[in-house]
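Q: This structure is in structure tokens; I'll ask about it shortly.
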Ligand SMILES: NC(=O)c1ccc[n+]([C@@H]2O[C@H](COP(=O)([O-])OP(=O)(O)OC[C@H]3O[C@@H](n4cnc5c(N)ncnc54)[C@H](OP(=O)(O)O)[C@@H]3O)[C@@H](O)[C@H]2O)c1
């Protein structure tokens with residue numbers, strides 16, 4: 001039985017995870033749920049799944065839940081609450097599905113405590129890099145990627161030696177601005193950037209998909225997860241999002257992974273691994289006529305993807321600096337404080353101005369994250 005702690009249960013990945021739990025009551029149960037501010041949805045989830053431990057963003061919301069739930073779970077709040085859920089003694093599996101580098105400490109702690117950690121929170125892998133593997137090694141934890149491209153690669157690579165691989169390719173839908181000219185992209189509005197053509201996701205990752213920073217973070221994530229260097233990771237734009245990743249071998253041949261673009265599939269893959277059982281997603285409908293297209297990404301119109309390759313090549317804390325600047329810039333864009341094109345400019349400036357250091361302890365990584373946030377905040381304020 002997989003007994004789950006779901007961090008970010010009220011988000012897009014969190015609610016899809018609970019759909020997968022509903023489909024497999026004999027294999028999956030819920031021990032702990034953690035969310036931020038959506039106490040109403042968290043209450044409904046608690047009444048349905050009756051977790052023993054619950055965490056919410058603030059003490060006020062924890063008190064509200066205590067008065068409004070029909071049973072009395074352990075109630076926590078804030079960063080300590082996230083850790084309490086991640087380390088609940090009865091949970092053997094943690095779904096890391098909160099947004100941003102905020103997820104770093106709980107992902108690391110769960111790996112160090114020997115849990116299976118299904119990581120949707122790609123920022124923690126981008127920021128923490130090799131430290132996540134070290135935590136898993138030290139504590140006997142198991143790291144499985146929820147991101148559809150990386151779950152696809154996990155299946156394709158299946159423990160292969162990286163030396164036997166020429167390259168891996170992750171696909172990108174191209175986002176809402178795939179075929180827009182540069183001048184139109186530069187002036188894109190919040191509504192236009194939030195209108196993703198193929199995936200329904202939370203706001204931060206949706207903006208990252210419009211800038212292609214999401215694909216850049218995924219390039220770094222792939223390098224961290226599978227021990228590949230920057231020249232072995234490539235991106236192909238595939239607007240239909242049916243092929244999720246490809247592995248290229250030295251003889252020039254490729255293997256591709258195909259499935260519906262529904263996050264419940266990679267979530268179930270991680271939760272039930274190594275078993276593949278019928279679940280909430282139907283088998284791929286091969287008899288429905290369809291065309292697939294593939295093209296190279298345009299780094300002039302989507303410079304954030306190039307910045308991610310730059311940070312990966314620079315190594316050390318450079319990915320953490322880029323990620324932190326991007327979190328600040330995207331939040332400012334969503335608040336109407338920055339224009340769309342300013343996101344890449346803020347990221348560029350932070351990478352140029354804050355020197356990257358070798359990857360040391362988790363505390364050093366968090367220091368780099370804070371330094372980049374302060375710089376990016378200053379950059380935003382100077383423009384507003
Ligand atoms: N959505 C996708 O299809 C997808 C695909 C691949 C990877 N990912 C990755 O998965 C992660 C989650 O993405 P998402 O789209 O599910 O995001 P989302 O819909 O915005 O959900 C974020 C979740 O994090 C919670 N949260 C935010 N701040 C918190 C805090 N301080 N303490 C505890 N919980 C907090 C939110 O709670 P409240 O809502 O209650 O505030 C919510 O449950 C991201 O790293 C993203 O890159 C997502």
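Rule-based calculations on the coordinates, nothing more; no lab input. Everything numeric in this text was worked out from a predicted model, so none of it was measured. As a convention, Cβ positions derive from the backbone with ideal geometry for all residues, glycine included, and neighbour counts pool all protein chains shown.
Q: Which of 4, 157, 137 comes first, and how do the rest follow, when ranked by fewest Cβ neighbours within 10 Å?
A: Fewest to most other Cβ atoms nearby, the residues stand as 137, 157, 4.
Q: Next question, about the same structure. Where Rh denotes the Kirkwood radius from the mean inverse Cα pair distance, what is Rg over Rh for the range 24-131?
A: Working: Rg = 13.7 Å, Rh = 14.1 Å.
Result: Rg/Rh = 0.97.
Q: With label points built 7 Å along Cα→Cβ from the Cα atoms of residue 142 and residue 41, find their separation and express it in nm.
A: So the two model labels end up 2.9 nm from each other.
Q: Need the C-alpha centroid separation for the range 47-126 versus the range 181-238, integer Å.
A: 27
Q: Please state the equivalent ellipsoid semi-axes for the chain: what are the square roots of 5 times the Cα gyration tensor eigenvalues, largest first, in whole Å?
A: On the way: eigenvalues 183, 133, 91 Å².
Listed largest to smallest, the semi-axes of the chain are 30, 26, 21 Å.
Q: Let me ask something else. How much mean residue ellipticity at 222 nm does the chain get from its helices, if each DSSP H run of length 4 or more adds -39500 (n - 2.57) and you divide by all residues, to the nearest 500 deg cm²/dmol? Working shown, then result.
A: Working: 17 runs with 184 residues, N = 384.
Value at 222 nm, helices only, nearest 500: -14500 deg cm²/dmol.
Q: Assuming 0.36 nm per residue, please report the length gained on full extension of the stretch residue 134 to residue 1 beyond their Cα-Cα distance. Please report the intermediate quantities before stating the final value.
A: Values: separation 133, 0.36 × 133 = 47.88 nm, distance 2.63 nm.
Taking 0.36 nm per residue and subtracting the Cα distance, the gain is 45.2 nm.
Q: A further question follows. Quick one: among 363, 260, 34, which has the greatest mean-square fluctuation in a GNM of the chain with alpha-carbon springs under 10 angstrom?
A: In this elastic network of the chain, the residue with the biggest mean-square fluctuation among 363, 260, 34 is 363.
Q: Relative to the present Cα-Cα distance, how much length would full extension add between residue 272 and residue 352 at 0.36 nm per residue of separation?
A: 24.5 nm
Q: With 10 angstrom as the radius, rank 343, 165 by how many other C-beta atoms surround their C-beta, starting from the fewest.
A: Least to most surrounded, the residues fall as 165, 343.
Q: A further question on this structure: Between residue 383 and residue 314, take the C-beta separation as r, use R0 = 30 Å, and let me know the FRET efficiency to the nearest 0.05.
A: Values: r = 25 Å, r/R0 = 0.85.
For R0 = 30 Å, the calculated efficiency reads 0.75.
Q: Return the FRET efficiency for the residue pair residue 250, residue 60: r is the Cβ-Cβ distance, R0 is 45 Å, and the value is rounded to the nearest 0.05.
A: Values: r = 59 Å, r/R0 = 1.30.
Taking R0 as 45 Å, the efficiency between residue 250 and residue 60 is 0.15.
Q: Can you give me the distance in nm between label points at residue 335 and residue 363, each placed 7 Å from the Cα along the Cα-to-Cβ direction?
A: 3.0
Q: Please tell me the relative contact order of the chain in percent, rounded to the nearest whole number, where contacts are Cα pairs under 8 Å and at least six residues apart. All intermediate terms of the calculation are to be shown ahead of the outcome.
A: On the way: 740 pairs, mean separation 56.9, N = 384.
Across the chain, relative contact order equals 15 percent.
Q: Still on this structure: Let me have the relative contact order for the range 315-384, percent, based on Cα pairs under 8 Å that are six or more residues apart.
A: Details: 83 pairs, mean separation 34.6, N = 70.
It comes to 49 percent, rounded to a whole number.
Q: Can I ask one more? Describe numerically, in nm with one decimal, the distance between label points set 7 Å from Cα along Cα→Cβ at residue 74 and at residue 282.
A: If labels sit at residue 74 and residue 282, their model points lie 4.3 nm apart.
Q: Counting only the backbone N, which residues of the range 308-349 are under 18 Å from the spot 7 Å out from the Cα of residue 187 toward its beta-carbon?
A: Under cut-off, by backbone N: 338-343.
Q: To make sure I understand, if each residue's beta carbon is the centre and we count other beta carbons within 10 Å, what order do 275, 147, 79 fall in, fewest to most?
A: Details: 275 10, 147 27, 79 13.
Fewest to most other Cβ atoms nearby, the residues stand as 275, 79, 147.
Q: While we're on this one: Project the alpha carbons of the range 315-384 onto their principal axes and report the range along each, largest first, in whole Å.
A: The principal-axis extents, from largest down, are 36, 18, 16 Å.
Q: Sticking with this structure for a sec: Can you bin the range 112-258 into rounded, prolate or oblate? Criterion: square roots of the alpha carbon gyration tensor eigenvalues sorted a ≥ b ≥ c, rounded for a/c under 1.5, prolate for a/b above b/c, oblate for the rest. Mind showing how you got there, number by number?
A: Details: a/c = 2.26, a/b = 1.42, b/c = 1.59.
Because a/c hits 1.5 or more and a/b fails to exceed b/c, the range 112-258 counts as oblate.
Q: With r as the distance between the Cβ atoms of residue 15 and residue 295 and R0 = 30 Å, compute the FRET efficiency 1/(1 + (r/R0)^6) and round to 0.05.
A: Values: r = 32 Å, r/R0 = 1.08.
So, using R0 = 30 Å, E works out to roughly 0.40.
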